[in-house]
Amino acid sequence: MIREERQFTVDLAVIGSGLAGFAASIFAINRGIRTAQIGNTGAVAYTTGYLDLFGRLAADQLLDDPWRGLRQLAASQPQHPLARVTEAEVRAAFDEFVAFLTEAGVPYGQAGERNVMALTPAGTIKPTLCVPSTMQGGVDALAARARCLIVDFRGLRGFSARQVVANLRQEWPQLRAEQLVFPGMEHGELYPEVMARSLEVPACREELAARIRDVLGDADVVGLPAILGMHHPHLVMAEMERLIGRPLFEIPTMPPAVPGIRLREMFEQVFPTRGLTLIPQQKVDAVRFADEAVRLSLADSYGPIAISAQTVILATGRFLSGGLLASFDGISEPLIGLPVTQPPSREGWFREQYMDKEGHPVHTAGIVTDADFRPLSAEGGPYDRRLFAAGLILAHQDWIRGRCGAGIALASAFRAVDAVGRELARSGGQSGKHQSAEGRRDV
Amino acid sequence: MMATLPPRSGPTRPTASLETEVLIIGGGATGAGIMRDLALRGIHSLLIDKKDLCAGASGGNHGLLHSGGRYVFSDPQSAIECREEGHILKRVLPQCIEQTGGLFVAVDGDDEGFAADFAGLCAAAGIACTPLLPAEARELEPALSERVVAAYQVPDATIDPFRLALENVNQARLVNGSIYRPHTEVVAFEKSGDVIVSALCRDNRSGETVRIVAQQFVNAGGAWAMDIARLAGCDDVRLLYSKGTLLVTHDRMIRRVINRLRPPADGDILVPGGTVSILGTTSLRTDALNAVQPTVDEINRNIREGMAMVPALAHARYIRAFSRVRPLLQAGGGADDRQATRGFALIDHHSQGIANLCTITGGKLTTYRLMAEKTADLVAARIGNTAPCRTAVDIVPDGEACRWTEPGAAPKLWYRAGDPDDTILCECEMVPQSAIDQIVRCAPGAEAEMTLEAIALRSRAGKGPCQGSFCGIRIASHLYDRGYYRDRTGLLHMRDFFNERFKGQRAVIWGQQMAQMELAEALHCGLLGLDCLDSPSETVTEGEAQS
Ligand SMILES: Cc1cc2nc3c(=O)[nH]c(=O)nc-3n(C[C@H](O)[C@H](O)[C@H](O)COP(=O)(O)OP(=O)(O)OC[C@H]3O[C@@H](n4cnc5c(N)ncnc54)[C@H](O)[C@@H]3O)c2cc1C
Ligand SMILES: Cc1cc2nc3c(=O)[nH]c(=O)nc-3n(C[C@H](O)[C@H](O)[C@H](O)COP(=O)(O)OP(=O)(O)OC[C@H]3O[C@@H](n4cnc5c(N)ncnc54)[C@H](O)[C@@H]3O)c2cc1C
């Protein structure tokens with residue numbers, strides 16, 4: 001059966017639906033750029049919800065001031081993607097991204113001057129820049145060493161309130177743990193996503209609130225795993241706080257977890273209403289650079305899709321997402337066949353010790369670009385003027401050890417979209433429609 | 001390795017003292033077998049290992065219960081021992097053995113004379129051997145290469161060395177209260193005349209020195225036997241070392257053991273084991289005994305050679321690789337390390353002026369019971385015990401807490417019990433929390449606090465494609481929940497466990513395993529910060545300044 005090919009013509013095609021892809025789309029639609037975004041949105045579910053800018057500079061240094069860290073990075077690792085953008089761009093990128101999330105129903109705190117110290121499900125502390133408003137209470141409670149109760153649920157694996165308490169009690173003596181049975185889920189294994197959805201039902205909230213009240217004791221604030229609703233979690237939380245009579249906060253569970261799923265569902269709902277063409281579950285099969293346009297081909301269960309774009313941002317991530325491929329003989333970029341900078345042989349990919357403070361060389365492999373994040377060809381010039389790359393696929397960074405995943409994604413997407421705008425203006429493609437970010441945000 | 005390992009040095013003043021009839025040094029298959037053998041003769045023993053059960057060659061081999069076929073050319077005596085022992089073990093230790101059968105195959109280009117002699121040599125050693133047409137062999141094992149030119153079927157089997165050690169120790173414990181003590185390393189002997197009075201041992205977790213007083217001392221140190229004998233002043237154990245590297249595939253690619261029908265070389269054995277298969281091995285002379293790790297070159301060689309028998313090995317997904325050292329008994333000028341050195345040696349140290357120490361080393365997993373019997377005969381004679389050896393006739397009972405190492409056992413038992421509250425903690429291998437609870441409560445070694453590595457050794461946890469990166473987190477959190485961990489120890493154990501698992505992954509990370517590894521590191525380091533546990537966290541000081 002041959003189905004008719006569906007065709008889309010856009011100014012920008014964003015390939016990839018991780019944070020970098022979503023950020024690029026947000027920046028693009030805010031600037032009036034006609035955009036299509038393709039890629040499995042599952043990747044974004046890996047985020048804890050915490051948006052890191054930069055948490056760790058060198059081997060042993062967790063950063064309190066990420067901005068100072070960025071300035072040091074510019075001196076020590078000038079090729080790092082975060083060293084190639086200005087501080088003003090980074091701030092603008094976070095502000096614009098967070099404003100969009102907040103407006104769309106998943107409120108976030110603003111990026112500040114300092115990293116905040118956020119809780120992890122193991123009871124360790126992670127420096128990050130922006131947290132969802134439902135998690136801010138945990139940051140504050142930790143800072144104030146408040147009288148605090150952490151609650152977990154029987155059957156919810158990998159989240160133990162006792163663990164959080166055991167690992168923090170030394171510096172936070174007024175921390176206490178309780179285990180509860182989740183209403184309606186008395187037996188068997190619990191899944192955070194299911195719990196979150198059931199807390200959108202008032203009766204479930206009331207029952208859970210009653211159970212929490214029973215064990216409240218003298219606690220001034222209560223921490224829960226991140227299960228407070230899937231849509232508009234701040235409203236679910238406010239309602240629970242009213243019922244319990246104490247402020248609450250969420251602690252992320254192990255990914256893929258609710259905070260990431262919230263973002264995914266929100267993007268899938270909001271983007272189409274903003275005029276963006278989102279093709280969420282597919283992969284681009286081929287990219288062809290024709291004279292008049294870049295042609296992307298893919299297929300879904302309804303048949304083939306062709307996208308004709310003036311510019312492309314490649315935000316396909318690393319190994320986990322398929323943006324890079326590690327094989328027996330080396331690392332490649334499978335979609336376009338871009339050169340990948342990498343250690344000379346497989347022997348050099350990993351150091352001997354897993355937790356070696358220096359991190360593993362394989363993580364700094366990736367795509368090398370010019371200042372506008374245009375990938376370079378083997379000869380050294382831009383591979384194609386119309387092609388840009390953003391996010392973790394970029395070379396010369398170790399986002400895991402640097403605690404800078406969202407930072408790289410947002411900052412590189414910001415600069416790349418800016419360059420896309422200039423490229424479109426230059427080629428005359430859609431100069432008339434191109435608005436400034438400020439122009440859009442006044443609306 | 002533990003986080004708080006004190007610097008290596010000589011023994012400090014002993015802070016504890018233990019007493020037993022026989023001290024057995026080395027918790028491999030051999031030491032565990034000796035412990036059982038002595039217990040069945042009514043002799044009390046204490047078994048120690050500087051790490052834990054199967055930390056040496058016993059935990060890093062193919063798990064092949066040799067029919068003997070592999071040795072018919074080079075060492076007919078070993079071939080006969082393998083046949084006899086295989087027979088016995090299949091009867092007394094069935095819970096550890098899968099009777100897979102095995103094939104010997106020659107491929108196009110292999111020495112045909114070698115292949116032609118095989119059946120006759122097997123017959124001479126009493127090993128059942130059926131010739132097959134190449135097409136018949138491929139019908140039995142579809143993964144075999146089109147290039148197979150000769151094939152024979154033999155009664156090879158596979159054996160789970162972890163369960164073997166656990167069951168031996170467990171029975172000894174039940175029979176006469178013999179004791180197993182992990183993380184206890186002999187560092188010196190105290191002698192009086194021609195008698196060793198006690199062994200000074202370092203507890204590698206606390207750093208303390210323990211004095212162990214015994215009548216008889218058995219050195220079952222495997223590749224470390226020469227070092228241990230030297231601590232007692234004995235120079236008559238002479239070993240060379242050969243490093244072997246093995247790879248574990250994600251899938252079980254064959255049903256039977258596949259051996260290459262040619263003089264032993266790299267990548268010529270593929271052994272099925274539960275849901276995986278194990279390819280190996282290389283053989284490299286080495287001087288290093290500790291911290292031997294697989295290299296990329298060894299991995300490449302094994303795969304290249306193995307492909308000749310089973311072409312799918314070229315594109316298989318590998319989840320792990322490991323290396324161990326074989327002790328080679330130094331005997332007159334053998335050229336090839338794989339030849340003529342697989343026999344074992346029992347050394348009584350009389351010539352060294354010591355009356356109550358013996359050393360057992362070399363040999364094979366397949367002959368561990370026989371090695372234990374010979375050793376126990378000597379020890380029993382020395383203390384005047386005349387009870388006969390019973391290990392060839394007495395069936396080893398099924399230890400409740402020992403069964404979790406068997407692939408597929410955990411899901412089967414879990415399903416049968418049908419308790420919805422018994423959540424699965426390790427999804428790759430379906431290990432439920434009840435298994436973990438039982439292991440920390442009563443598996444051999446549970447007397448002391450268990451690490452995640454110790455739990456993994458006693459179960460299938462961490463052996464699947466994720467190599468423990470998820471279940472390590474879940475098991476730790478479960479143990480916090482149970483109150484087993486009450487402070488940051490659980491975090492340190494998690495970190496050490498992931499570090500340890502990584503050693504076996506490092507050389508085979510490509511393809512899907514790279515994605516797996518990236519996710520693991522994002523969780524362990526990016527999210528949980530296990531790479532910064534010792535770092536001064538600006539965090540806390542900052543918070544305190546505010547409050
Ligand atoms: C376990 C985990 C925890 C994390 N925690 C945090 C955290 O706490 N804070 C933080 O700031 N960051 C965190 N991150 C990182 C963060 O989730 C983002 O991954 C990252 O910041 C941005 O990545 P990216 O968009 O470049 O790539 P990815 O997120 O990897 O997304 C790549 C996208 O490209 C798509 N793709 C690949 N090939 C194709 C193709 N051919 N066609 C179409 N689409 C394709 C994939 O489907 C995917 O949607 C975490 C990541 C992981 C894995
Ligand atoms: C790569 C490889 C593949 C193999 N494949 C097979 C096979 O398929 N079939 C087969 O039958 N055989 C095989 N073998 C051989 C088999 O594994 C060994 O013969 C057998 O495991 C030896 O057991 P052991 O108990 O004598 O020694 P080990 O298992 O090495 O035990 C010695 C123990 O002593 C401990 N120790 C060392 N020093 C001290 C000290 N100072 N104090 C306390 N404890 C100490 C160590 O930690 C170790 O646990 C293979 C060997 C190798 C290396």
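The values are calculated or read from the model by the stated rules, or taken from the named source; none is laboratory data. Predicted, not measured: the structure shown is a model, and the values here were computed from it. Every residue, glycine as well, gets a Cβ built from its backbone with ideal geometry; the counts of neighbours run over all protein chains shown. Note: accessible area is taken over every heavy atom of the protein model, side chains too, but ligands, DNA and RNA are not part of it. Shrake-Rupley method; radii C 1.70, N 1.55, O 1.52, S 1.80 Å.
Divide, for the stretch A:298-390, the radius of gyration over alpha carbons by 2.2 N^0.38 Å, where N is the residue count. Please report the intermediate quantities before stating the final value.
Numbers: Rg = 15.7 Å, N = 93, 2.2 N^0.38 = 12.3 Å.
Its radius of gyration relative to the 2.2 N^0.38 Å reference: 1.27.
Measure up B:Lys243/B:Lys503; B:Lys191/B:Lys374; A:Lys357/B:Lys50; A:Lys126/B:Lys51; B:Lys50/B:Lys243 against 23 Å on the Cα-Cα distance and list the ones that go over. Write down the numbers at each step before the final one.
Details: B:Lys243/B:Lys503 16 Å; B:Lys191/B:Lys374 25 Å; A:Lys357/B:Lys50 28 Å; A:Lys126/B:Lys51 33 Å; B:Lys50/B:Lys243 20 Å.
Listed pairs above 23 Å: B:Lys191/B:Lys374; A:Lys357/B:Lys50; A:Lys126/B:Lys51.
Taking only protein heavy atoms into account and a 1.4 Å probe, give the accessible area per residue of the stretch A:122-253 in Å². Intermediate results must be reported in sequence, preceding the final value.
Details: 4600 Å² over 132 residues.
Computed with neighbouring chains in place, this is 35 Å² per residue.
Taking 0.36 nm per intervening residue step and subtracting the Cα-Cα distance, what contour gain separates B:Glu146 from B:Asp534 on full extension? Write out the running numbers ahead of the final one.
On the way: separation 388, 0.36 × 388 = 139.68 nm, distance 5.54 nm.
Gain in length upon complete extension: 134.1 nm.
For the stretch A:122-253, what does the relative contact order come out to in percent, with C-alpha contacts under 8 Å and a separation of six or more?
Details: 210 pairs, mean separation 40.9, N = 132.
Taking the mean separation of contacting Cα pairs over the length of the stretch A:122-253, I get 31 percent.
Over what distance in Å are the Cα centres of the stretch B:364-433 and the stretch A:146-177 separated?
38 Å
Could you put B:Met226, B:Met494 in order of accessible surface area, largest first, with the 1.4 Å probe and the full protein assembly present? Can you show the working numbers first?
Values: B:Met226 20, B:Met494 0 Å².
Heavy-atom accessible area, descending, gives B:Met226, B:Met494.
Taking the alpha-carbon centroid of each part, what is the distance from the stretch B:186-257 to the stretch A:326-384 in angstrom?
Here the two parts' Cα centres lie 44 Å apart.
So what does log10 I(q)/I(0) come out to for chain A at q = 0.08, 0.14 Å⁻¹, using the Debye formula with one equal point on every Cα and no solvent?
Computed log10 I(q)/I(0) values: -0.48, -1.30.
Estimate for me the total accessible surface buried between chains B and A (protein heavy atoms, probe 1.4 Å, no ligands or nucleic acids), in Å² to the nearest 100. List each step's numbers first, then the result.
On the way: alone 22360 and 18920 Å², together 35780 Å².
About 5500 Å² of accessible surface is lost on pairing.
How tilted is helix A:202-215 with respect to the longest principal axis of chain A? Cα atoms for both, answer in degrees (0 to 90, nearest 10).
It works out to around 50 degrees.
With 10 Å bins from zero, work out the P(r) of the stretch B:1-133 over every alpha carbon pair and list the percent per bin.
9, 26, 28, 17, 13, 6, 1
At 1.4 Å probe size, put B:His478, B:His44 in order of accessible surface, largest to smallest. Could you put the intermediate results ahead of the total?
On the way: B:His478 15, B:His44 45 Å².
Final ranking, largest accessible area leading: B:His44, B:His478.
Using a Förster distance of 41 angstrom, determine the FRET efficiency expected from the C-beta separation of A:His232 and A:Ala299, and round it to 0.05. Kindly include the intermediate steps, with their values, before the conclusion.
On the way: r = 35 Å, r/R0 = 0.86.
With R0 = 41 Å, the Cβ-Cβ based efficiency is 0.70.
Per the Cauchy relation, a quarter of the hull surface: what is the mean projected area of the convex hull of the alpha carbons in the stretch B:403-546, in nm²?
Working: hull surface 41.5 nm².
For the stretch B:403-546, the mean projected area of the Cα convex hull comes to 10.4 nm².
Summarise the accessible area of chain B (1.4 Å probe, protein heavy atoms) by the percent that is carbon and sulfur.
Details: 10250 of 19600 Å².
C and S atoms contribute 52 percent here.
Consider just the alpha-carbon atoms of chain B and return their Rg together with their Dmax, both in angstrom.
In Å, with Rg to one decimal and Dmax whole: 23.6, 84.
Once you keep just the Cα pairs under 8 angstrom separated by 6 or more residues, what percentage relative contact order results for chain B? Before the final figure, lay out each step's value.
Details: 1148 pairs, mean separation 96.5, N = 547.
Rounded, it is 18 percent for chain B.
Which residue fluctuates most in the GNM of chain A (Cα springs below 10 Å): A:Trp67, A:Trp399, A:Trp349?
A:Trp349
Taking Cα centroids, how far is the stretch B:66-135 from the stretch B:439-489 in Å?
39 Å
What do you get for the angle between helix A:258-273 and the principal long axis of chain A? Use alpha-carbon atoms, 0 to 90 degrees, nearest ten.
50 degrees
Can you give the relative contact order of chain A as a percent, counting alpha carbon pairs under 8 Å and 6+ residues apart?
Details: 955 pairs, mean separation 108.1, N = 443.
Normalised by residue count, the contact order of chain A is 24 percent.
Using a 7 Å offset from Cα along Cα-Cβ at B:Asp236, what residues in the stretch B:356-378 end up with backbone N under 20 Å from the label point?
Residues B:356-363, B:371-378 fall inside that zone.
Could you give the alpha-carbon Rg of the stretch A:122-253 over 2.2 N^0.38 Å, rounded to two decimals? Before the final figure, lay out each step's value.
Numbers: Rg = 13.6 Å, N = 132, 2.2 N^0.38 = 14.1 Å.
Taking N as the residue count of the stretch A:122-253, the ratio is 0.97.
Could you give the Stokes-Einstein D for the protein assembly as shown in µm² per second, using the C-alpha Kirkwood radius, 37 °C, 0.692 mPa s? Working shown, then result.
Working: Rh = 31.0 Å.
Roughly 106 µm²/s, to the nearest whole number.
Give the cross-link partners of B:Lys412 among the lysines, using a straight C-alpha distance below 23 Å as the criterion and excluding same-chain residues fewer than 8 apart.
Filter leaves B:Lys90, B:Lys463.
Give, ordered by residue number, each residue of the stretch B:411-440 whose 1.4 Å probe accessible area is reduced by a minimum of 50 Å² on adding the remaining protein chains to the chain alone.
Those are B:Asp421, B:Thr423, which lose 50 Å² or more relative to the chain on its own.
In the stretch A:313-338, what residues drop by 30 Å² or more in accessible surface going from the chain by itself to the full protein assembly, probe 1.4 Å?
When all protein chains are present, A:Phe319, A:Leu320, A:Ala326, A:Phe328 each give up 30 Å² or more of accessible surface.
Can you tell me the length gained on complete extension of the stretch A:Asp329 to A:Arg3, counting 0.36 nm per residue apart and subtracting the Cα distance? Show your work: numbers first, answer last.
Values: separation 326, 0.36 × 326 = 117.36 nm, distance 3.86 nm.
That works out to 113.5 nm of additional length.
Once ligands and nucleic acids are excluded and a 1.4 Å probe is used, how much of A:Asp285 is accessible, expressed in Å² to the nearest 10?
So the heavy atoms of A:Asp285 present about 100 Å² to solvent.
What accessible area per residue comes out for chain B, rounded to a whole number of Å², with a 1.4 Å probe? Could you put the intermediate results ahead of the total?
On the way: 19600 Å² over 547 residues.
Per residue, chain B has an accessible area of 36 Å².
To the nearest 10 degrees, how steeply does helix A:133-144 sit against the main Cα axis of chain A, on a 0 to 90 scale?
Its long axis makes an angle of about 60 degrees.
Run the quick spin-label model on B:Arg252 and B:Asp419: label points 7 Å from Cα toward the beta carbon, then report their separation in nm to one decimal.
2.7 nm
If I ignore ligands, DNA and RNA and count only protein heavy atoms, how much of B:Glu406 is accessible to a 1.4 Å probe, in Å² to the nearest 10?
Surface accessible to solvent at B:Glu406 totals approximately 60 Å².
Residues of the stretch A:388-414 with backbone nitrogen within less than 14 Å of a virtual label 7 Å along the Cα-to-Cβ line of A:Gln79, please, listed as ranges.
Label zone hits: A:394-398.
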